[in-house]
1. For segment 287-313, which positions are in contact (Cβ under 8 Å) with a residue 12 or more places away in the chain and open to solvent by 50 Å² or more (accessible area, probe 1.4 Å)?
2. Exactly one condition in (1) over 18 Å from Gln199 (Cβ atoms); (2) surrounded by 15 or more Cβ atoms within 10 Å (Cβ to Cβ); (3) in contact with a Lys or Arg (Cβ under 7 Å, 6 or more places away or on another chain) is false for Val275; which is it?
3. Tally the residues that are open to solvent by less than 80 Å² (accessible area, probe 1.4 Å) and assigned to a helix (DSSP H, G or I), restricting the search to segment 385-406.
4. Which count do you get for residues in segment 342-384 that are surrounded by fewer than 16 Cβ atoms within 10 Å (Cβ to Cβ), part of a loop (DSSP other than H, G, I, E, B) and under 27 Å from the mean Cα position of the chain (by Cα)?
5. Mind checking whether some residue in segment 89-97 is over 24 Å from Pro112 (Cβ atoms), among the polar types (S, T, N, Q), modelled with pLDDT of 75 or more and in the same structural domain as Asn125 (by the TED database)?
6. Return the pairs, sorted by first residue and then second, in which the second residue is among the hydrophobic types (A, V, I, L, M, F, W, C) and part of a loop (DSSP other than H, G, I, E, B), the first residue lies in segment 179-197 and is within 13 Å of Leu161 (Cα to Cα), the beta carbons are less than 6 Å apart, and the residues are 6+ apart or on different chains.
7. Just to verify a result, which residue in segment 323-337, among those that are assigned to a helix (DSSP H, G or I) and open to solvent by 70 Å² or more (accessible area, probe 1.4 Å), is nearest to Leu366 (Cα to Cα)?
8. Out of Tyr292, Tyr246, Tyr252, Tyr270, report the one residue that is among the aromatic types (Phe, Trp, Tyr) and closer than 25 Å to Trp340 by Cα.
Amino acid sequence: MTSMEEDSSLESAPYDDQLDEDIEEKRVWALKEGRLDGAIEALLDIEKQLRLSANVVGTRRLVVAIIQLCYDARAWKTLNEQIILLSKRRAQLKQAVTAMVQQAMLYIDQAPDLDTRVELIKTLNSVTVGKIYVEIERARLIKKLAKIKEEQGFVAEAAELMQEVPVETFGAMSKTEKIAFILEQVRLCLDRKDYMRAQILSRKISPRSFVISVGKDKKKPKEGDNVVVEPPPDIPSLLELKRIYYDLMIRYHLHSHDYLEICRSYQAIYDTPSVKEDPSNWMPVLRKICWYLVLAPYDSMQSSLMNSNLEDKKLSELPKFRTLLKSFVTMEVIRWVPFWKDFESDFQEEAKLPGGPLGEKAAEDLRQRVIEHNILVVSKYYARITLQRLSELLSLSLPETEKHLAEMVVSKALIAKVDRPAGVVCFQNQKDSNEVLNSWAVNIEKLLELVEKSCHQIHKETMVHKVTLKVQ
């Protein structure tokens, strides 16, 4: 405690009882005798004396008492006027302004109608603007106002209000409240279909933020450090926020049909302990993982995720989906018609499960993935093949075969060359002169080794026969 605070506390101690009597007397004036303005004027005179003498405790009590008096008298217009007046008084103390704003925020939900509630929120917003010591209160006020705007149907206005608050820079705000606020910003952007801004805002949250550290003692705050304010009771827990975050990411990636990222989001949800414990929770999520893995274009990450999910023991409880993944891992051609016949009912059933349908283009993309898988299988077994034979293996027409082959080559998923006049596809990669010379050198070296080995064997047999003849 500083010397100034000690002096103020010593000065205020003798006046505590007198201050209580003054506040109670002015309450009687306002509530029983109807002299609200006179009571406020009298309390303002006392507040001025305490404020100018730097009495923090007394000033804070009087400011709160004035605000409470206006609320008890249900004088909402006077309440707004006094909030603005008290915040603008000369040499007003930060502690007094903070206490006043916190007290007034308790009355927002008690307002008699929506207009009064909005007016009180706007008044408090005007008082808190530009003041770092009430930045958390300002963020909560804007969140309340944005919720009202959204309920009225003004989603764009609500999103713009929320975007004005950079909560990631608030040192005193708790981690869970920060994440919840940013997730609300992302949700409003997705609701107004502002996907670019939603992506920018979502990057403010790292997936590592949802990891709960076990066994680490909390460090005691040092003198001068910001004290973290406890979050309101309506803020979800960290694991609940993790689920909300990945649900929003799924919404975002569904817009761009990024199936691999959707799969990774579902994988993160699946790895949550609360989901893994309950079969009614993990079964729909694991189904979604399998479908989006199959829908994702082939690459190293997709292949790795597919193999790791095949090793999951819980997949044995979903034998059909194990077969689905197995068919894409096995290097065999998949016939589209019987494949779709086997899995169409399960594909359509996803719309009724948590998470909703797989997407507008999902059925079309699934057929595309089957064709790409078949082309990769053919490239493993053939170095050169005619377009006609490739079309027969893929069950496609010649133009369709050439189109899908060209798309895979352009996306660098496959190395191939098409000789259109000859109607031949070559899957071998063209080697440069150095590679050809190196391969020849290796072949000659192997040939010389074989010749040397053969000569050694011949010499050995000759020596054996000579010894045999001498003995005879």
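1. Pro297, Tyr298, Asp299, Met301, Asn307, listed by residue number.
2. (3)
3. 12
4. Number satisfying all stated conditions: 6.
5. Filtering segment 89-97 down to residues over 24 Å from Pro112 (Cβ atoms) leaves 89-97.
Filter once more, keeping what is among the polar types (S, T, N, Q): 92, 95.
With the extra rule that they be modelled with pLDDT of 75 or more, the set shrinks to 92, 95.
Now drop any that are not in the same structural domain as Asn125 (by the TED database), which leaves 92, 95.
Looking through segment 89-97, at least one residue is over 24 Å from Pro112 (Cβ atoms), among the polar types (S, T, N, Q), modelled with pLDDT of 75 or more and in the same structural domain as Asn125 (by the TED database).
6. Cβ pairs passing all conditions: Ile182/Ile205.
7. First pass over segment 323-337, keeping only residues assigned to a helix (DSSP H, G or I): 323-329, 336-337.
Still in the running and open to solvent by 70 Å² or more (accessible area, probe 1.4 Å): 323, 326, 337.
On the way: Thr323: 15, Lys326: 15, Val337: 12 Å.
Ranking the candidates gives Val337 first.
8. Values: Tyr246 fails: closer than 25 Å to Trp340 by Cα; Tyr252 fails: closer than 25 Å to Trp340 by Cα; Tyr270 fails: closer than 25 Å to Trp340 by Cα.
Going through Tyr292, Tyr246, Tyr252, Tyr270 in turn, the sole match is Tyr292.
The values are calculated or read from the model by the stated rules, or taken from the named source; none is laboratory data. Only a predicted model underlies this, so the values are computations on that prediction, with no experimental measurement involved. Reconstructed Cβ throughout: ideal geometry from the backbone, glycine too, with neighbour counts over all protein chains shown. Accessible surface areas use protein heavy atoms only, side chains included; no ligands, DNA or RNA. Shrake-Rupley method; radii C 1.70, N 1.55, O 1.52, S 1.80 Å.
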